[in-house]
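The values are calculated or read from the model by the stated rules, or taken from the named source; none is laboratory data. Remember, predicted model here, so these are calculated numbers, not experimental data. Note: ideal-geometry Cβ built from the backbone for every residue, glycine included; neighbour counts use all protein chains shown.
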Amino acid sequence: PPSSPLPSPSQPSPPSAPPPSPQDPPSPFPPPLAPPLESSSYTQTLGCCRGAGWEDNNEEAEGAQTVNLCAVACSASPTCVAFDILLNGGDCYLFSVDVTGTVEGCPADARCYIKHLPPSAL
């Protein structure tokens, strides 16, 4: 008589499998209080922040090596109207005079972020 293939034993799935663990553990730090850059707080322009008197009216924000940290530092400063930073990691500079993004003489990953001031500040 022809032999029929034996069915392979099937393992019943456990009734409640634990959920897969996430790849990245959640950050232990609370999110920054400043609004994210996706909001309308800043306008991104290409290049470094440059304008009349920029050399004497900027300061380095120590330790602010990301766009968000730089935005937090600028938002916290009553005199800051713009900041620039290198997207690939670099120092954050806060500006207290009107500036605009200038590509000439700046690294390709430099960005100038101009703060939107409330009408009362104009």
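Do we have V103 as farther than 13 Å from N58 by Cα and either out of contact with any helix residue (DSSP H, G or I) (no Cβ under 9 Å at 6 or more places or on another chain) or at pLDDT 95 or above (or both) here?
It is true that V103 is farther than 13 Å from N58 by Cα and either out of contact with any helix residue (DSSP H, G or I) (no Cβ under 9 Å at 6 or more places or on another chain) or at pLDDT 95 or above (or both).
If I filter region 41-85 down to residues being touching a His at 6+ places or on another chain (Cβ under 8 Å) and surrounded by 15 or more Cβ atoms within 10 Å (Cβ to Cβ), which single residue comes out as nearest to V97 (Cα to Cα)?
It comes out as Y42.
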